Each structure stands twice: as structure tokens, then as C-alpha cells.
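Here's the structure, in C-alpha cells; my notes come after.
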Amino acid sequence: VKTLGISAYYHDSAAAVVADGLIVAAAQEERFTRRKHDARFPTNAVRYCLDAAGARADELDAVVFYERPDLKFNRLATTYLGFAPNGWESFRHAIPEWLGGKRRQDRQILAELEGIDPAKLRFAEHHVSHAASAYFPSPFDSAAVLTVDGVGEWATTTTAVGRDGTLTILNELCFPHSVGLLYAAFTFYTGFRINSGEYKVMGLAPYGEPRFAHLIFDHLVDVKPDGSLRLNQEYFDYCTGLTMTNDRFHDLFGGPPRAPETLLRRRDMDLAASVQAVTDEILLRMTRALAEETGERRLCMAGGVALNCVTNGKILRDGRFDEVWVQPAAGDAGGAVGAALLGDHLIGGGPRRRVDGLDAMSGAYLGPGFDADEVERRLTALGARYDVLAEAEVTEATAAALADGDAVGWFQGRMEFGPRALGNRSILGDPRSPSMQKQLNLKIKYRESFRPFAPSVLAEDVSEWFSLEAPSPYMLIVADVRDHHRVALPERYDELQGLDRLNVPRSTIPAVTHVDFSARIQTVHRETNPRYHELLTRFKEKTGCGVLVNTSFNVRGEPIVCTPEDAWRCFMGTELDLLVVGSCLLRKRDQDPSLAEDYKSAFALD
Amino acid sequence: VRTRLLFILVVTPLGVLGRPLWRRQLGLTIDRGAETYWRRRRDGEVSAADLRRSS
């Protein structure tokens, strides 16, 4: 039984194929088209997934789309009716598209997938797709399930329980009441892009104080003890307008939204800290109530808000659940995996399958890979000069370069599915270097200086470095650097404000220690990524430190690299010192500089 | 023009006439005294019947 899952037409289009319970392939369209958050039908991702599964479209047993356009249209219509005569601006932008055919997405999808029997095309609810992506691939037989995002059709948050391979939805919160939209409102208000800048707000929060949290609770949101909530629509614009917040919101917080790319002020940091604190509190109330209602000791999560790894860490430490598993592609792209799994289990009768006793995501390494001959052929065609190394030499030479302070592009095996690079499409650095964060942010990633970097750590060493006893293979849990790795802060540190604290070393691994001593941790496991595990082991042998800086292999605004060509362009266009593609090692000093393209301005800022 | 007419002649009158209904459906009232805002789903296990054939 082979099932194709598709998410598309909002943001982060993706495709996934499940065959007899096994997730064979999954990829986001943006990686192929090189257009960040590409929302168009995922033609390239579908083609890749079908190739990986060895199937033609007409051989599929089912195609499942990740949401229900009929319910979405119903929500839009009800919203316009509820707010009329207000709402014209939004109405005139949205409705012509829906009346022009967007509501009949079955026709669009069938037109894109030639040869598909229309009877095989199905539509799942958005949050049911998320819940399926959270529970079915998890390592748990039974678990509570929480899905939280901006909005799907009507639902914005869903609680469920998964037991013995079945999924039962328990409760939901519906539009316009949404934790994701509350967070998005502050993302907009602090000058970042919604649906992509939420990560920056989370990274900015530790620089500020949550002094606006009480205003949010008093005016914007009524939260019950069980975490259910309503947003006071008198302060928001998203039901009727084209932005997230209105003048009343701006008056409450003392001014208009920050213009994008302008100086970050203390107030923006405090706003970020405040919405993060409110989100933490809401999600903790939700998960405590869910633990009580279901009696479960394990929790699965998905939906865009589940990418908030600060909150995830707090949920884990809260202790209501012994284990927490978050779908690595928790955002809408992951809906494609959930939809495919629903089709496989419910239509095809496929079993739940886990790989090697772990979860069923294969380390999230579900995207395209390139064999050694293919890599060499492509690099040669690009004019690259490289050495081909033996297996052991690859990790040895790379570890030596990292220990010498080089920034390394590391391209191995199959591409990750989801927003995080997990050691196959990564830029790596030495976390002990006090200058590494600045070097990577300003010379290689070309991104905002305040943004922290994440550590990859040998799974067996995680509790030596961080206050974390659980695995975090998908970089979705934040925990603190252990006290014995912290260094004394300079006198008068407390007098420093906001970004002034950025350059003060706080630990023996300063490049991955945020200003509040937290770190967004990826535990690296030999079972899912042996070569990356070997690299960390070699680095530890040389330095005593089984930790590396791991950031996605791209520059700001660019989708993570997919092919050796993408990696080459990024390598040549930035100040990366070394590129390792499979067993091929490329030194910057050996390359012809005339082959470098203008890379810094090649991508629109996100 | 058709979109504008639709908004003025259909959406606005229907919206105004049915305002209590729409606002209840959207849950636009903050109810400080309510115990919960969760909506209970009573459709049981997710099954093949939940995968709809048409959009």
C-alpha cells in the first residue's frame, strides 16, 4: 500500500510517501524551487517522493490532502458575516480567489497529479493531520496528543489521545482564538514576518523582561485554568484587515509596530519576553489539564507552536509527562506526513512501524541523497577542486579543521525533513570559540547578530553539558548549560542591557550558550546518523568537547541547501572555510575565486 | 465590482441580521465566569470516514 500526503496552498508546501506503514520519503517544495516557504503545489517534492518509493502516481493507493478546503471556506464566510460591515479589505483580497476555484482544490490537485483516480483523493482535517504526524510516528504505544498552531480550518488547538494505533480527538479551540495567532501578532508587532519570524521572537525573548505579560493577560487573552482561551478581538486586526494588530493594540503597548530591519529596542525585547512567558503559561496549563484528563504519561506534539522549543523544554521539566515527543516537521509541512500516515492506516490498513525500536522518522533524514559517483560528477561539472577521502579520513580531517576554528559546510546523506538542519545539511563550528557566533552570524549566515546558535551534542554526553536527561534528536527542546560549564560573569554584568550582553562569554561553549544560559539542543545518536556521531567523537578526542555548533546550511532568506550545487554556491558565496560533500573535501583556498557568485543579495530577507 | 456588490448586498445584510448567531459561532464574547472554552469533540476514533472524498 502506497499513500501520498500533500500539504500546499498556504505556506511550506510539502509531500510525503508512506508505504506499508513506513515513511519512505518526505520533502518541502522550497528546497527544490529555492523559494523560501514556497506555498505552490509541491510538484518537485511529489516527484522526488514518488521516485524514492519507486511508484508512479497512478500506482498510488491513496492521495491525502492535509486539510479540508470546504471547512476553511466556511470559517472565512462566517468570519466575514460575524464582523460585517467591517472586513471589506480582507474580503476583497481573499474571496475572489476562493470563488475563482480555490474552494475546489480537488480539481487543482487532480490536474497536478496526472493519472490519479479521483476516487483515491481524500481530504483530512488540518489538525487531525497534525495529530497523526505527532502520534503515529512517535515511539509510544499510548500517549496524549496536543496540536497547536495559528489556524487550520476552524481548529487552532486540538487535544487527542492515541492508543494502540488509534487516534481519538478530544477537545478543540477554534478560530479566532489561537495561541499561534497571539504569538504571530507579537511577531508582527516586533517587526518580524509572521509564519517565519516567530523563531526570532523566541530567540529575542531572553534579552528582555516579561514586563508586558500582565497587560496581555488583562486585556488580550482570557485563559482558563485548563489552558483554554479566548482572544479579545477588540485588539486584533486579522479577522477583518490585512495585518495582525490594530490601533487599540498599539496604544496598549505604547506605540506603532517596529518597522522591519530597524534597530531593536529594549521594548521589543521585553515584548518578546512577555509573549514567550504568556505562551509558556498557556501551554503548561494545557498540558497539565491534558495529563489529568487522559491519565497518560507520554505526550506527542505537532503544529507550528510545537516548534517553540523553549516552551517544549518547560513542558518536559514540568514533569506531568515522563516523555515528550515532538514531530520534527511540526509546522504545516509535517501535515503531509500526517496525511500520508492517515491514508496508510485508515484506508490501506497499514501497520504502525518504527525503525530500529526508535520513532518512525528515521532521524528526519527523509529527503534526497546523492551517492559518491553522483557527488563527484556534479562537483566536477561545477569546476570545484576537491580531494576524495577514505571514510575515516573524512571525519578526522573535518574534526581537525573544526578544532582549528574553521567554519565548515557539512553535506551528507539524505536531506532533513522539517525546518532544522540535523547534521546532514549543516554549517558547523567550534562552540568553544568566543568569536564563532559573531563570525557565523555576520560573515556566513548574514543574519541578525542577536540570534543564537544551537549545539549538537553526543547523545551519551548530553547530561554532562546540559540540564537534560532526555533525548532531543530534533533540536526541539531547550535546556540550560550545566553550572560547572558556566564561567563567572564580569562585574557590572547586571548593568548591561539587551544586546550588550551578547558578547560576554557565559560558558566554556559560548557560541551555543544564549544570554540566559539556555541552549537549543540536538542529541546526536549513532543509530540515526553514524557519520555525524563519528565526527563529534573525533572532535571530542581532539578537544575534550563532544559538542559542535550546528546551524542550517543556508544564508538568511535562503531555503536550506538540497543538492551539491546548492551547497557549492553557498560555500563560494560566503566565508565558509571548508565544504565536505559526502567524502569530497573542498578547501576555500583551493577554489577559483572567479566561480563565486554574488550570494549575499541573492535572497530576499526573511 | 461583483465582489463589492457581494459584500454590500449579501454579506453585510446577512451579517447584521444574523449577528448574534455568527458572533456565538465565533465565540466573540469573553466570559470571565466560564469554566472552560474547550469545545468537546464527540466523533470518536478517527476513521476512514473522516477522510472526505471531495473538497
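At-a-glance table
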{"read-out": "Accessible-area composition of the range A:493-606, carbon plus sulfur, in percent [1.4 Å probe]", "value": "46 percent"}
{"read-out": "Farthest positive-ward along the protein assembly as shown dipole, Cα basis, beta-carbon charges - from A:Thr574, A:Ala329, A:Pro176", "value": "A:Pro176"}
{"read-out": "At q = 0.13, 0.14, 0.23, 0.26 Å⁻¹, base-10 log of I(q)/I(0) for the range A:311-398 (Debye sum, equal scatterers on each alpha carbon)", "value": "-0.79, -0.85, -1.19, -1.33"}
{"read-out": "Hull shadow area, averaged, chain A [alpha-carbon convex hull, nm²]", "value": "25.9 nm²"}
{"read-out": "Enclosed volume per residue, in Å³, of the convex hull spanned by Cα atoms of the range A:140-212", "value": "131 Å³"}
{"read-out": "Chain A - percent relative contact order, Cα under 8 Å, separation 6 or more", "value": "16 percent"}
{"read-out": "Per-residue average of Cβ from other chains inside 10 Å of A:162-171", "value": "3"}
{"read-out": "Distance from the range A:181-210 to the range A:316-393 (C-alpha centre basis), Å", "value": "28 Å"}
{"read-out": "Average silhouette area of the range A:67-135, convex hull of alpha-carbon atoms, in square nanometres", "value": "6.1 nm²"}
{"read-out": "Chain A - mean residue ellipticity at 222 nm from DSSP helices (-39,500 (n - 2.57) per run, n ≥ 4, rounded to 500)", "value": "-9000 deg cm²/dmol"}
{"read-out": "List of the range A:74-105 residues, accessible area with partners at least 20 Å² below that of the chain alone (1.4 Å probe)", "value": "A:Thr78, A:Leu81, A:Gly82, A:Phe83, A:Ala84, A:Pro85, A:Trp88, A:Phe91, A:Pro96"}
{"read-out": "Alpha carbon convex hull of the range A:1-119, projected area averaged over orientations, nm²", "value": "8.2 nm²"}
{"read-out": "Protein heavy-atom accessible area occluded, B/A pair - total, 1.4 Å probe, Å²", "value": "4600 Å²"}
{"read-out": "Kirkwood-Stokes translational diffusion coefficient of the range A:164-320, alpha-carbon pairs, 10 °C, 1.306 mPa s, µm²/s", "value": "98 µm²/s"}
{"read-out": "For the range A:206-257, the Rg and Dmax computed from alpha carbons only, in angstrom", "value": "12.3, 33"}
{"read-out": "Kirkwood hydrodynamic radius of the range A:350-450, from inverse mean 1/r over distinct Cα pairs, in Å", "value": "16.2 Å"}
{"read-out": "Apportionment of accessible area to carbon and sulfur, the range A:282-404, percent (1.4 Å)", "value": "45 percent"}
{"read-out": "Cα-centre dipole for the protein assembly as shown with unit charges at Cβ (Lys and Arg positive, Asp and Glu negative), debye to 20", "value": "1700 debye"}
{"read-out": "Once the Cα gyration tensor of the range A:447-606 is diagonalised, semi-axes √(5λ) in Å", "value": "29, 22, 14"}
{"read-out": "Size of charge dipole - the range A:251-344 - debye, nearest 20, with Cβ of Lys, Arg +1 and Asp, Glu -1, no other charges", "value": "320 debye"}
{"read-out": "Debye intensity ratio I(q)/I(0), log10, the range A:241-286, q values 0.17, 0.29 Å⁻¹ (C-alpha model)", "value": "-0.64, -1.09"}
{"read-out": "Cα pair distances in the range A:366-508, grouped into 5 Å bins until the bin that holds the longest one, percent each", "value": "2, 7, 13, 17, 20, 18, 10, 6, 4, 2, 1, 0"}
{"read-out": "Extreme residue, positive dipole direction of the range A:18-78, given options A:Asn44, A:Ala25, A:Phe73 (C-beta unit charges)", "value": "A:Phe73"}
{"read-out": "Within the range A:425-485, GluC sites (Glu not before Pro) in DSSP loop having at most 13 other beta-carbon neighbours inside 10 Å", "value": "A:Glu469"}
{"read-out": "Selection from B:Leu6, A:Pro473, A:Thr159 lying farthest towards where the dipole of the protein assembly as shown points positive, charges on Cβ", "value": "B:Leu6"}
{"read-out": "Net dipole in debye of the range A:462-512 [+1 Lys, Arg Cβ; -1 Asp, Glu Cβ; about Cα centre; nearest 20]", "value": "120 debye"}
{"read-out": "Eligible lysines near A:Lys36 by straight Cα distance, threshold 29 Å, same-chain separation 8 or greater", "value": "A:Lys2, A:Lys72, A:Lys102, A:Lys200, A:Lys438, A:Lys443, A:Lys445, A:Lys588, A:Lys600"}
{"read-out": "Solvent-accessible heavy-atom area per residue, rounded to whole Å², over the protein assembly as shown at 1.4 Å", "value": "38 Å²"}
{"read-out": "Rounded to the nearest 10 Å², the accessible area of A:Thr158 at probe 1.4 Å", "value": "10 Å²"}
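The values are calculated or read from the model by the stated rules, or taken from the named source; none is laboratory data. This structure is a prediction, so every number in the text was calculated from the model and none was measured. Here Cβ is always computed from backbone atoms with ideal geometry, including for glycine, and neighbour counts include all displayed protein chains. Protein only, heavy atoms only, side chains kept; ligands, DNA and RNA dropped before computing areas. Shrake-Rupley method; radii C 1.70, N 1.55, O 1.52, S 1.80 Å.
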